[in-house]
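Peer 1: So that we are looking at the same thing, I have put the structure below in structure tokens.
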Amino acid sequence: TWCPPCRKMEPVLAELKSTTENYILQKMDAGIELQLMKSLNVSELPTFIVYRDGVETWRKSGLATLSELQTALKK
């Protein structure tokens, strides 16, 4: 990825994925998925969005800690 903050998040996301069950982690390429970014109102990178049963329950733009992401998934 060309986004330095996004690259910085890769180890955190890898650890999240390896320690968290029953969740789907989906990444998108902002350079390709412009329409999706627009429909999700994503204007900063990285942006994290958590959905539960199709409803957005948490969103954060910018860097996030492993703890923040784990807490967001538990909400």
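Peer 1: Scan segment 6-27 for residues that are under 19 Å from Gly62 (Cα atoms) and surrounded by 13 or more Cβ atoms within 10 Å (Cβ to Cβ) and report the count.
Peer 2: 6
Residues checked against (1) basic (Lys, Arg); (2) outside any helix (DSSP H, G or I):
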| site | (1), (2) |
| --- | --- |
| Glu10 | no, no |
| Lys17 | yes, no |
| Glu21 | no, yes |
| Ala30 | no, yes |
| Asn41 | no, yes |
| Arg59 | yes, yes |
| Ser67 | no, no |
| Leu73 | no, no |
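Peer 1: Considering only segment 40-58, how many residues are of a type outside the set (A, V, I, L, M) and surrounded by 14 or more Cβ atoms within 10 Å (Cβ to Cβ)? Spell out the reasoning first.
Peer 2: Narrowing segment 40-58 to residues of a type outside the set (A, V, I, L, M): 41, 43-44, 46-48, 51-54, 56-58.
Right, trim to surrounded by 14 or more Cβ atoms within 10 Å (Cβ to Cβ) and you get 46-48, 58.
Number satisfying all stated conditions: 4.
Peer 1: Report yes if Met28 is within 23 Å of Gly54 (Cα to Cα) and not acidic (Asp, Glu), otherwise no.
Peer 2: Working: within 23 Å of Gly54 (Cα to Cα): yes; not acidic (Asp, Glu): yes.
For Met28, the condition - within 23 Å of Gly54 (Cα to Cα) and not acidic (Asp, Glu) - is met.
Peer 1: If you don't mind, another one. With Glu21, Glu56 as the choices, which residue is acidic (Asp, Glu) and either in contact with a strand residue (DSSP E or B) (Cβ under 8 Å, 6 or more places away or on another chain) or modelled with pLDDT of 95 or more (or both)? Let's see the steps before the verdict.
Peer 2: Values: Glu21 fails: either in contact with a strand residue (DSSP E or B) (Cβ under 8 Å, 6 or more places away or on another chain) or modelled with pLDDT of 95 or more (or both).
Within the list Glu21, Glu56, the selection yields Glu56.
Peer 1: Need pairs with beta-carbon distance below 8 Å; first residue under 18 Å from Ile24 (Cβ atoms) and within segment 56-72, second among the hydroxyl-bearing types (Ser, Thr, Tyr) and outside any helix (DSSP H, G or I); sequence gap 6+ or separate chains.
Peer 2: Going by the 8 Å Cβ cut-off, the qualifying pairs are Thr57/Tyr51; Arg59/Thr47; Lys60/Thr47; Gln70/Thr20; Ala72/Thr57.
The values are calculated or read from the model by the stated rules, or taken from the named source; none is laboratory data. Here the structure is a predicted model, which is why all the values come from computation and not from measurement. Here Cβ is always computed from backbone atoms with ideal geometry, including for glycine, and neighbour counts include all displayed protein chains.
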